Amino acid sequence: QKLVEALTQKGFVQVVTPTIISKVALAKMSVSDDHPLFSQVFWLDPKRCLRPMLAPNLYTLWKDLLRLWEKPIRIFEIGTCYRKESKGALHLNEFTMLNLTELGLPEDQRQQRLEELAALVMDTVGIIDYQLELTTSVVYGDTLDVVKGIELGSSAMGPHFLDEKWGITEPWVGIGFGLERLLMIKEEAQNVQSMGRSLTYLDGVRLNI
């Protein structure tokens, strides 16, 4: 709730989009049959899946909102995503993403804006001493990640090679955080499972001791 309030106060509008997305939408994110992420997708049938990311729906909204709203367009979503992730202390099959995006800002302000948005989220959560590191994503290519021991968030900016498939030509920035990972670092927990949806943990405490 604190994140929702903080983002709303900064002019962002919260959106809620469908959990089920099409194979076509996923392909527009470059996730086709030969993509590394494709095997991690939970398919409902040959044409539909549970979303592994929020971005396809936000791209779709951008296209319509460009006709209706003045720029910059600031939206965010907090929603569940699903991936067949490798087991371990840092991965969940069902996890909560926060994606915040700003479309239509001056191109020379993108880097500064990403740093401001990262600071907004991290300050609201109460995590300090984090770093911003350049890295590479299998979907977005070059990204700027928010790191404190582990990756907590990942950001990208446009114009981007994915934009053309969605009809987007405006400069943009976007940053996505895994909320369970943020909680894990905030609470100094040993694994992300204790922060996620679970029948084994309640408020971070293991039940089957």
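Read-outs throughout are calculated quantities, based only on the coordinates presented, and are distinct from any laboratory measurement. Keep in mind that this is a model prediction, so the values were computed, not measured. Because the Cβ atoms are built from the backbone with ideal geometry, glycine has one as well, and the counts that use them run over all protein chains shown.
Figure the gain on full extension for T124 and R48 (residue separation times 0.36 nm, minus the Cα-Cα span) and round it to one decimal in nm. Before the final figure, lay out each step's value.
On the way: separation 76, 0.36 × 76 = 27.36 nm, distance 3.54 nm.
In short, 23.8 nm is gained.
How far is it, in nm, from the label point at E164 to the one at Q109 when both lie 7 Å from their Cα along the line to the Cβ?
With each label placed 7 Å out from Cα toward Cβ, I get 2.8 nm.
For the chain, give me the percentage of DSSP beta bridges that are antiparallel, rounded to the nearest 5 percent.
Numbers: 42 of 44 bridges.
Of those bridges, close to 95 percent are antiparallel.
Considering only DSSP states other than H, G, I, E and B, which GluC sites (Glu not before Pro) in region 39-123 qualify as loop sites with at most 10 other Cβ atoms within 10 Å?
Values: sites: E70, E77, E85, E94, E102, E107, E115, E116; in loops: E70, E85.
Passing both the DSSP loop test and the Cβ count: E70.
What list do you get for V4, V121, V16 if you sort them by fewest beta carbons within 10 Å?
In order of increasing Cβ crowding within 10 Å: V16, V4, V121.
Provide the FRET efficiency to the nearest 0.05 for the E187-L134 pair, computing r from the beta carbons and using R0 = 41 Å. Present the calculation step by step, with values, prior to reporting the outcome.
Values: r = 28 Å, r/R0 = 0.68.
Calculated value: 0.90.
What ranking of L103, L66 emerges when the number of other C-beta atoms within 10 Å of each C-beta is taken as an exposure proxy, fewest first? Intermediate values should be presented prior to the final figure.
Values: L103 24, L66 17.
So the ranking, lowest neighbour count to highest, is L66, L103.
For the chain, the longest stretch holding no trypsin sites (Lys or Arg not before Pro) located in a DSSP loop with at most 11 other Cβ atoms within 10 Å is which?
On the way: sites that count: K47, K87.
With a cap of 11 other Cβ atoms within 10 Å, the longest stretch comes to 88-209.
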